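Following: one structure in structure tokens, then a few remarks.
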Amino acid sequence: EACAPWLYEVLNLIAREDLVLATGHLSQEEIFCLIPEAAKQGVKRIIVTHPFYKVTNMSVNDQKELDHVCSRVIGNRRDRKQFKMYFEYCYTGKTIDGIPFDRYAEGIKELGPQKIILSSDAGQIKWPRDLNGQKLPEGNTIPALHLADCWDRFVEDMGNELEISDRKEFMRIIK
């Protein structure tokens, strides 16, 4: 299925200016249309945001398939080593949407940690939330979250849910 003509202009701009393309809350169907076209047009860095989110609804196998499709599209292009596609796994996917951490762990293990971005999604100004994904009282804001704090919280909570107490053991499981 071809993309809208104006989209090619946008993809060419992203490629020419060496920008990052993020999918936002596109549907799985839209992602499978957009991302291979973006790769064909020379976009080098892509982030598939919230792949487990109910709108996107991508299984780990879907994510692996998208990765393989893009690898085939890139093929033997001279710039193929510069092409990077990441899947963003969001902490609030668990706390707000109830996505089980075993899906995150499976994705990290199957796709490899080098393809995953862990994020909190908790620093939004319009919808301020704490690290548990709970709305803050009117007028309250949260301090900027340090990546290490988010990672520690993510690892701790994922480890607890998967009944892993040793952080080194957890890291070995997802590698």
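Observations on the model:
- Test: residue in region 61-77 that is closer than 25 Å to Asp121 by Cβ, open to solvent by 80 Å² or more (accessible area, probe 1.4 Å) and modelled with pLDDT under 95: no
- Of all residues making up region 12-32, the number that are assigned to a helix (DSSP H, G or I), open to solvent by less than 30 Å² (accessible area, probe 1.4 Å) and either under 26 Å from Ser59 (Cα atoms) or small (Gly, Ala, Ser) (or both): 2
- If you check Gln82, Gln114 for being more than 11 Å from the chain's Cα centre (by Cα), open to solvent by 20 Å² or more (accessible area, probe 1.4 Å) and either among the basic types (Lys, Arg) or within 18 Å of Asp18 (Cβ to Cβ) (or both), only one passes: Gln82.
- Every residue from region 46-65 that is of a type in the set (A, V, I, L, M) and in a loop (DSSP other than H, G, I, E, B): Val55, Met58
The values are calculated or read from the model by the stated rules, or taken from the named source; none is laboratory data. These figures come from a predicted structure and were not determined experimentally. Positions of Cβ are backbone-derived with ideal geometry, glycine not excepted, and every protein chain shown enters the neighbour counts. In case anyone asks, the SASA skips ligands and DNA or RNA and just uses the protein heavy atoms, side chains included. Shrake-Rupley method; radii C 1.70, N 1.55, O 1.52, S 1.80 Å.
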